[in-house]
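Read-outs throughout are calculated quantities, based only on the coordinates presented, and are distinct from any laboratory measurement. Just so you know, these numbers come straight off a predicted model, no measurement behind them. Cβ placement follows ideal geometry from the backbone for every residue including glycine, while neighbour counts extend to all protein chains displayed.
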Amino acid sequence: MTAYIIRRLIQTIIVVLLLSFVSYALMGLMPGDPLDIACQANPHCTPENLDQMKKALGLDQPVYVRYFKWLQGFMTGDLGYSRTYRLPITDILIPRLINTLYLSVTSLVLSIIIAIPLGVFTSLRPNTKFDYTLNMFAFAGISIPSFWLALMLIIIFAVKLQIFPASGIETIGLEGEISTFEIVWDRINHLVLPVTTLSLLTVAFWVRYTRAKMLETMRFDYIRTARAKGLPESRVIYMHGLRNALIPVVTVIALGFSSIFSGAVITETVFAYLGAGKLIFDSIFANDYNMAMCSFIITSFMVLMMNLFADLLYAYLDPRISYT
Amino acid sequence: MLKKLLLTLLVSTVVSTNGHALPSNKQLTIGITQEFENLNPIIFSMSASSYIYFMASHPLVAIDPDWKWQCWLCTTLPTIENGLAKIIDEKGVKKLHVSWELKPTAVWGDGQPVTAEDVKLSWEIGLNANVSTPSKDIYERIESIAVDPKDPKKFTMVFKEVRYDYYQLGSLYIVPAHIEGPVFAKTKTQQGAYEKQTTFNINPTNPALYNGPYIVKEIKLGSHVILDRNPKYYGKKPAIDRIIMKLIPNTQTLESNLMAGSIDMISELGMSFDQALAFEKRVGKDKTLQSKYAVQYIDGMIYEHIDFNLRNPILADAKVRKALLHAVDRDKLCEALFENRQKKALTMIHPRDIYYAENVTKYEYSQEIALKLLEEAGWKKASSGFLEKDGQKFTLNIMTTSQNKTRELVEVFLQDQWKKIGIELTINNEPARVFFGETVKKAAYPGMAMYAWVSSPDNPPRSTLHSKEIPTLENSWNGQNSGGWSNKRIDDLLVNIFKEFDAQKRKVMMEEVQKIYTDEVPVMPLYMRADVAVIPANLKGFKMPGHQFHSTLNIDTWSLDGSGQGH
């Protein structure tokens, strides 16, 4: 097992390195540097100014030279400066990642708590009124675009009922005027609508998935055998049924966790939530190489690590699987 | 029980109105959709940054809401007439010496006076090759700055060229030498080091960085800026205690935030034009909303037009270009799409600009004239209903930025209008990044390109009309004369106008430029874009200027009358 993990970790590093080069090169190939466009819109920006600005940012050098310089810095812990904000990457990215972490983890945990029991529950009552109703809501949840759902939630709960704030991560300008408890409460209040948006969509998908897998599992011979042996129904469902049904569900959930840092661009944008998702999106379009590359590394690393985690979890859930 | 709860929720959703009160002078929260960066004025390039900066600091000179250049930090605008600007012959070379005096009461937020040393340092920073300054051109025009040894508030600028627009130093922003001087001394020899270590980055809430009505209390990039009244401000005390700028990138959410009371107004850097029209209608129908909001429009400096690619043999013929203009009912376009809130443009010059000329060639909507001109150019109606010449069908291509709803609607309008006279219009739009970064830059559009030019008042259009500005492979695609128009007389006028110190003579020259422009039609003028803002109904003294010096430059005139309940 240890050898397997080490092998996979080495593979992960190689894949991340390759991906980083491809991402860097692709970004360099994108037509129309935002600097050119900004200069075109400024009557006082001359071609000489533009050349000088490009030189200052190192954009006058070939892509591969810039990539290796970036890689060298990255390896030594120097993540560089954001071209857009002119601040160290860590100063901007880390607080944003933390905010995204709050949003994504809350939403994912909430989704697991709601979706898996609901999926199991409805799979045990197929073709009932409850099953049909839940399926209807699940289909609606899968079909509704997140930006529409977000706007509806804002209109109902922020504009009309005025229960929750419409945007942001906290009430601005209250620093030093409210207690720590009030700060925490304020942050939670700001999380409610974006978390609801993200969770509703995830829950809808996972309920359908868990239900389908449970229905499939409960038809297997070993379930019939377990029942024939006279095992209590709860043991049949949770120890024999759910444990086996969870194997594919775990993959989906693990991949869901892999995107916790890349965030939810649409949800963050609509709620003006100060997270990493929109920052990454904007940094790619602004050719903010240092920012975009850090985000790429984090995202791809998370995907690969969560895949590894899912693989290891298979072995735990299914004793037939072993890694040597 | 559940049914009762759901019913209550539904009823309250439908019936309830926005319970928030009008803002008071205690606090005003302004929503914007555009990103801002740090507030070092020599470095920033984003429009939202200057919008915020103008609340915290004043430039040396700026254009007022009446479109006149005025002193902001100086006492008198230097002119040849008042003797503060002089043309001096130095060893056979003519130089322009301009004397300035800063306001005696002008101080930074820490009480230190704003001095000529601040101006000199700012110029040195802007000029430095290791500092990325988006408007370096302004700094490079100045040869030297000499501080008056007897009076720290006085200095003389020597300009390299004798040009009439020497006073147009709106982008020459001033930073405090006692704060930024040591930083610049440490970083000036290293590429990009000043941008990283400037106090505007390291300690942006240091009051000494600002000289305007407000100082920055808190700044969170990508989120908000809090500005509090500057106790040391030398001018009129602003009425509003605190201003909060809140960034909400999505325009729909921005509107929802306004309705929810999270923001009190939407700045000119917020709502899209069509969204403002829809919002205005909503306000018009609802008395509650009328008591809370007012929607304001002003013609802006953004000129929407169509570049004709004159390398295209069809469009190289001036008669064809004139016919295309005659065949489009631009008044109807402005009425149908913009409810006349955005007006038809005659030329690239804004009607409020001092150079605006009415006496130009005008192209009334007439299909008959259009067809006659096309016939003269050799185009005849074929049995297919389309025009043909030498067996070739009259087909043109237009390109613009994709996902821009307004431009796409204009394209459809043009397609319909030109089809009526037998011209086929094909549409091929691209993402803005590709369109501006490749297609327009390299004049790679086969027929026409629809986009906008941003200008400023009293600014002869050399960068867009001079033949030296035609982008070519040889000049590395530099220049904004993308259509490739070349006219000797225009070139001469656009060079000589900068040497002309008589405003009346310049006006005559610019009238000629506009006459030739409308005679030859190298570009099809469409309309001037309007700036829009939604303000609280009780906000007084707010005035959108319609140019690059945002409304916030006059924030000390804003006040919220007493009807507001406050936050």
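The Cα atoms of region B:300-529 cover 59, 37, 34 Å along the three principal axes, with the biggest extent listed first.
Is the shape of region B:418-558 rounded, prolate or oblate, going by the alpha carbon gyration tensor and its root eigenvalues a ≥ b ≥ c, with a/c under 1.5 for rounded and a/b larger than b/c for prolate?
On the way: a/c = 1.89, a/b = 1.26, b/c = 1.50.
Oblate.
Only aspartates and glutamates eight or more places from B:K540 in sequence, or on another chain, were considered; those with a Cα closer than 13 Å are B:D556, B:D561.
Taking +1 at the Cβ of each Lys and Arg and -1 at the Cβ of each Asp and Glu, which of A:S295, B:G83, B:L374 sits farthest along the dipole of the protein assembly as shown towards its positive end, judged by Cα position relative to the Cα centre? Of the listed residues, the answer is A:S295. At q = 0.09, 0.10 Å⁻¹ the log10 of I(q)/I(0) for region A:1-116 amounts to -0.44, -0.53, computed by Debye summation with a single uniform scatterer per C-alpha, solvent ignored. Around the Cα centre of chain B, unit charges on the Cβ atoms of Lys, Arg, Asp and Glu (plus for the first two, minus for the last two) sum to a dipole of about 800 debye. Percent of alpha carbon pairs in chain B separated by more than 35 Å? Percentage above 35 Å: 46.
Close amide H pairs (under 5 Å, H built 1.01 Å from N) link B:A316 with no residue at least 5 positions away or on another chain. With a cut-off of 17 Å, note down the residues of region B:300-343 whose backbone N falls inside the zone around a label point 7 Å from the Cα of B:E474 toward its beta carbon. Zone members listed by number: B:311.
Its DSSP H runs of at least 4 residues, each contributing -39,500 (n - 2.57), put the calculated 222 nm mean residue ellipticity of chain B at -8000 deg cm²/dmol, to the nearest 500.
Over all other residues within a Cβ to Cβ distance under 9 Å of B:V534, the charged ones net out to -2, with Lys and Arg as +1 and Asp and Glu as -1. Taking only the C-alpha atoms of the protein assembly as shown, Rg followed by Dmax gives 31.3, 112 Å.
Considering only DSSP states other than H, G, I, E and B, which GluC sites (Glu not before Pro) in region B:351-428 qualify as loop sites with at most 11 other Cβ atoms within 10 Å? If you can, show how the numbers build up before the last one.
Details: sites: B:E358, B:E364, B:E368, B:E375, B:E376, B:E388, B:E408, B:E411, B:E424; in loops: B:E358, B:E364.
Those that pass, being in a loop and sparsely packed, are B:E358, B:E364.
Modelled spin-label separation between B:S383 and B:I88, with each label point placed 7 Å from Cα along the Cα-to-Cβ direction: 8.1 nm. Neighbours of B:Y210 by Cβ distance under 14 Å: Lys/Arg scored +1, Asp/Glu scored -1, total -3. At a temperature of 37 °C and a viscosity of 0.692 mPa s, determine how fast region B:61-180 diffuses translationally according to Stokes-Einstein, using the Kirkwood radius over alpha-carbon pairs as Rh; express D in µm²/s, rounded to the nearest whole number. Here the translational diffusion coefficient equals 219 µm²/s. Shown for the protein assembly as shown: cysteine residues without a partner Cβ closer than 4.7 Å, namely A:C294, B:C334. Would you work out if region B:194-272 is rounded, prolate or oblate? Take a ≥ b ≥ c from the square roots of the eigenvalues of the alpha-carbon gyration tensor; rounded if a/c is under 1.5, else prolate when a/b is larger than b/c, oblate otherwise. Oblate is the answer for region B:194-272, as a/c is 1.5 or above yet b/c matches or exceeds a/b.
Which FRET efficiency value, to the nearest 0.05, do you get for B:E143 and B:K232 by plugging their Cβ-Cβ distance into 1/(1 + (r/R0)^6) with R0 = 45 Å? It would help to have the intermediate numbers written out before the result.
On the way: r = 34 Å, r/R0 = 0.75.
According to the calculation, E is roughly 0.85.
If a/c stays under 1.5 just call it rounded; otherwise compare a/b with b/c (prolate if a/b is bigger, oblate if not). Do that for chain A, with a ≥ b ≥ c from the square roots of the Cα gyration tensor eigenvalues. In terms of gyration-tensor shape, oblate.
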